Amino acid sequence: MIDGEIMQVDPESLITEVLQLKHRDYRLIQICAANAGEGIDITYSFGKEYKMVGLRLSIRPEEEIVSISDIYTPAYLYENEMHDLFGVKVKMMSTDYHGNLYRLKHKTPYREETAASQPQKTASARPEKQEGK
């Protein structure tokens, strides 16, 4: 992979690609989920010395992915976060909080359909500033 490249992968090849990076001494930097139209994009960032590369999965909301926490132990935190905030189903996590990593007012608040159904705050909802204070 070229420095800065983000390679698109499918869920079936994720573990193979992650293992290849691990064997080439790359470390996990972060995992990021984002709404992407009808689905969710998950980007895994890895670094080695001053070089960064990424793997990107594009999944449907109901699709399940395999955890990489047996390869990179800290990944379980990112994976639990993706589950709680976006509803991403991650199987075989080394530590699974079962939707309880965060205390949330709305279940999966960043999932596209959940975010669309939440009321938007308007400027008029803010308390007015009182003069002299």
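Quote the relative contact order of the stretch 6-109 in percent (integer), defining contacts as alpha-carbon pairs under 8 Å separated by 6+ residues. Can you show the working numbers first?
Working: 173 pairs, mean separation 24.2, N = 104.
Relative contact order, the stretch 6-109: 23 percent.
Using 32 Å as the Cα-Cα cut-off, could you pick out the over-long pairs in 22/105; 51/105; 22/89; 51/107; 51/91? Each step should come with its number before you reach the end.
Values: 22/105 37 Å; 51/105 39 Å; 22/89 23 Å; 51/107 37 Å; 51/91 30 Å.
Beyond 32 Å: 22/105; 51/105; 51/107.
What is the distance, in nm, between label points placed 7 Å from the Cα along the Cα-to-Cβ direction at residue 23 and at residue 3?
According to this spin-label approximation, the distance is 2.5 nm.
Just the number, please: Stokes-Einstein D of the stretch 1-60 in µm²/s, Kirkwood Rh from C-alpha pairs, 4 °C, 1.567 mPa s.
Values: Rh = 11.8 Å.
Estimated via Stokes-Einstein, D reaches 110 µm²/s.
Could you pull the Cα extents of the stretch 6-109 along its three principal axes, largest to smallest, in whole Å?
41, 28, 24
We did not get these values from a lab; they are worked out from the coordinates using the rules stated. Note that this is a predicted model, so its numbers are computed, not measured. Reconstructed Cβ throughout: ideal geometry from the backbone, glycine too, with neighbour counts over all protein chains shown.
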